[in-house]
């Protein structure tokens, strides 16, 4: 399965600021996915990032709040903009697996907004 | 859109006993059903999966069953051990939207009592 390097692993940010999370994959993948996991909760899909096109956002998530870049087949960024304490969560990237294998997740970014 | 329900939310079993976690999905076009294990502070890890053309799959102490008609699938862990203690997530995925995005269940916190 693919190996994903996600950073930062954690950060504490002031409200109103923005944080950019990076994911680097060790192989080329068509689709990358960004998830949010609030404390003690399940994983909620934010958006799907395809190389060469705009990300597709799920209901309740908008590009102005969570802009995504996908400049090539091994890298993506998610920015959490104009943060508020409600944005405190774990953010995870994931990539489609090889044929007949499920997603692999990055190690996650634990964000605390104060 | 797709919805995945998962039960129970918490489950405590004695070491050596079996544990069963159940999920139902809403989208009849879903055709891939992975299960993830998430230990505290770590990323979700794929433990087993099943495709819609198969009714059951087993890997050592873990098995998954699928009932397409009822849109149910279940995770079975036999001879549970303390290291099985974690949160387990089911997910459903299909290609109706053209992407392989996963919709996750709400999670089951499994505690194996020594």
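If you take all C-alpha pairs in the protein assembly as shown, what percent of them are over 28 Å apart? Each step should come with its number before you reach the end.
Values: 7958 of 25878 pairs.
Across the protein assembly as shown, Cα pairs with separations above 28 Å total 31 percent.
Pop the C-beta distance of residue B:79 and residue A:20 into the FRET formula with R0 = 30 Å and round what comes out to the nearest 0.05.
So the FRET efficiency works out to roughly 0.10.
Take every DSSP beta bridge with both residues inside chain B and express the antiparallel ones as a percent of the total, to the nearest 5.
Looking only at bridges with both residues in chain B, the antiparallel portion is about 90 percent.
Below 8 Å between Cα atoms, with a sequence gap of 6+, how large is the relative contact order for chain A in percent?
So the answer I get is 37 percent.
Give me the percent relative contact order of chain B, please, defined on Cα pairs under 8 angstrom at least 6 residues apart.
Result for chain B is 37 percent.
In whole angstrom, how far apart do the alpha carbon centroids of region A:42-113 and region B:1-80 sit?
Spelled out, the Cα-based centre of one part sits 24 Å from the other.
Please compute the modelled spin-label separation between residue B:114 and residue B:28, points set 7 Å along Cα→Cβ, answer in nm with one decimal.
4.9 nm
For chain A, take N as its residue count and report Rg(C-alpha) divided by 2.2 N^0.38 Å.
1.00
With a Förster radius of 35 Å, plug the Cβ-Cβ distance of residue B:20 and residue A:86 into 1/(1 + (r/R0)^6) and report the FRET value to the nearest 0.05.
That pair, residue B:20 with residue A:86, gives E of 0.50.
Taking the beta-carbon count within 10 Å as an exposure proxy, list A:113, A:62, A:25 from fewest neighbours to most. Walk me through the numbers before you get to the answer.
Numbers: A:113 19, A:62 13, A:25 22.
Least crowded to most crowded, the residues run A:62, A:113, A:25.
Nearest 0.05, what FRET efficiency do residue B:42 and residue A:114 give at R0 = 30 Å with Cβ-Cβ as r?
Given R0 = 30 Å and the Cβ-Cβ separation, E is 0.75.
Under the 0.36 nm per residue contour assumption, what length would be gained going from the current alpha-carbon distance of residue A:59 and residue A:75 to full extension?
Difference between extended and current length: 3.4 nm.
Build a GNM of chain A with springs between Cα atoms under 10 Å: which of A:46, A:12, A:63 gets the top mean-square fluctuation?
Highest fluctuation of the listed residues: A:12.
Rule-based calculations on the coordinates, nothing more; no lab input. Note that the structure is a prediction, hence the values are computed from the model and not measured. In this analysis, Cβ positions are derived from the backbone assuming ideal geometry, glycine residues included, and neighbour counts consider all displayed protein chains.
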